[in-house]
Amino acid sequence: MAGGQLGQGSQTACGMAGLGSGQLTLREARDRVERYMVHDAIEASGGNMSKAAEVLGVSRPALYDLAKKYGLCRVKSRG
């Protein structure tokens, strides 16, 4: 396709798959990936924010800021 546009399910010359339904800005794509990674790290660490921050390579305060930004909360089990 001309003009750098990707059709649904198409690939670029470097082998990257098309975006599927609709276009994302770079910021939107980064935010989606960041949110997914933060959520996944918190879940995988059982809610241990220090461990999740270590896995992500960020400080614990930065992780709390990211969790707040994306509306994620740490679930503590009581018992």
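Laboratory data are not the source of any read-out in this text; all were calculated from the coordinates shown. Bear in mind the structure is a predicted one, so any value in this text is a computation, not a measurement.
Percent of Cα-Cα pairs per 10 Å bin, from 0 to the last occupied bin, for segment 25-76, please list those.
28, 58, 13, 1
Between residue 24 and residue 68, what is 0.36 nm times their sequence separation minus the Cα-Cα distance? Round to one decimal in nm.
Stretched out fully, the residue 24 to residue 68 stretch lengthens by 13.6 nm.
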